[in-house]
Amino acid sequence: MTADVIDGRAVAKQLADEVRGELAELAARGVTCGLATVLVGTDYAAAAYERRLRTEADELGITYRHYFLGADSEQHTVERVVRDLGADPAVHGVLVLRPLPAHLDEGRIFQALEPAKDIESVHPENAGLLALGTPRFVPSTPAAVFHVLDGWLAEQELDPVEFYRRSTIAVVGRSSNVGRPAVSLAFQRQAVVVSCDEWASRTDRLAAQTRLGDVLIVAAGVPGLIRAEHVAPGAIVLDVGINPVTGDDGRVRLVGDVALDEVAEVARAVTPVPGGIGPVTDVWLMRNTAAAAAARLRT
Ligand code: NAP
């Protein structure tokens, strides 16, 4: 089998057109959407993500503000920046980029977010709403995963409701921003859900668990973790991983968690890195920013 390689950039372009329409409606009501991101330290992937968001916001006409705080910033400094953004009327969406330096308490920083601006649903109130199946905002990465999957199912003329009810979805990784919400979204679709973390690898059970998946979502942050042996024949594989690796020429390039060449021989469809889930995630975050602005108009 040679898998369909899903073109995430094309999906993102179509989604961006929809978001442009939503922003135009807001502009007609006198609202210019504002997004703020907060990066603490110099993590390579987080900094690359920040640059992509800036570009995306600029292209869509969303006002973009970025706060860069040094890696040794104190807890109260980061919390104050986040709280101030919550009170700023020009800002509709706030994103605190992960990973945060190890000395910071991520949970307390997320609690400092204004829930109405917490477009990634990491504040406990929003995470709770998501877990209950009534999300205020669907976090951008798992939202992008299911948007891409829904689009592929539509192309195959498969009924998504029926497909999910008959499927097992395996999710590798259980971070608060990707793995856990992906499990919630799979659960809401009435799929059978298998969740694996690093212990599945350490105890040599990873392949046995991932091979249960008709759909396999991978968000571990380990380059090439998923090989052909981890994938059930005919599965649909969605690779969330974005990992910087340095080549023999000394240049850094981004690779996924899935060994694409060999997995493509087993899977029915697979997303590449780059050009898969990432571009759709970026646009979804803009969509959530527009949704936050629209929600404020209604209050
Ligand atoms: P994270 O917070 O580091 O979480 C990684 C998760 O993977 C943890 O649950 C960890 O298990 C699990 N894991 C680690 N090694 C594993 C292994 N060998 N086998 C099985 N599970 C393993 O990372 P994240 O924020 O979720 O990001 C994951 C990846 O997605 C990264 O490459 C990141 O750059 C990328 N990402 C991409 C997008 C996008 O738009 N495409 C967005 C966000 C993140 P434990 O819980 O046991 O530690």
- Residue by residue through the range 211-223, note down the ones that are among the small types (Gly, Ala, Ser) and open to solvent by less than 30 Å² (accessible area, probe 1.4 Å). Gly213, Ala219
- Query: Just checking, how many residues over the range 1-59 are small (Gly, Ala, Ser) and either free of Cβ contacts under 8 Å to residues at least 60 places away in the same chain or part of a strand (DSSP E or B) (or both)?
  - Reply: 10
- Note on the structure: Note: among Ala186, Ala208, Ala191, Ala235, just one is exposed (fewer than 15 other Cβ atoms within 10 Å of the Cβ) and away from the ligand (no atom under 12 Å from the Cβ), namely Ala208
- Message: Looking only at the range 119-159, how many residues end up being within 16 Å of the ligand (Cβ to nearest atom) and farther than 18 Å from Val283 by Cα?
- Response: 3
- Message: Of the residues Ala10, Ala28, Ala24, Ala46, only one is among the aliphatic types (A, V, I, L, M), buried (at least 16 other Cβ atoms within 10 Å of the Cβ) and out of contact with any Gly (no Cβ under 7 Å at 6 or more places or on another chain); which?
- Response: Ala46
- Note on the structure: In the range 104-153, residues that are open to solvent by 30 Å² or more (accessible area, probe 1.4 Å), more than 30 Å from Val237 (Cβ to Cβ) and part of a loop (DSSP other than H, G, I, E, B) total 2
- Message: What's the number of the only condition in (1) near the ligand (Cβ under 8 Å from one of its atoms); (2) of a type in the set (Val, Ile, Thr); (3) in contact (Cβ under 8 Å) with a residue 40 or more places away in the chain that Val222 fails to meet?
- Response: (3)
- Do you know which residues across the range 194-205 are more than 10 Å from the ligand (Cβ to nearest atom) and buried (at least 18 other Cβ atoms within 10 Å of the Cβ)? Val194
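The values are calculated or read from the model by the stated rules, or taken from the named source; none is laboratory data. Note that this is a predicted model, so its numbers are computed, not measured. Every residue, glycine among them, receives a Cβ derived from its backbone with ideal geometry; neighbour counts consider all protein chains shown. Protein only, heavy atoms only, side chains kept; ligands, DNA and RNA dropped before computing areas. Shrake-Rupley method; radii C 1.70, N 1.55, O 1.52, S 1.80 Å.
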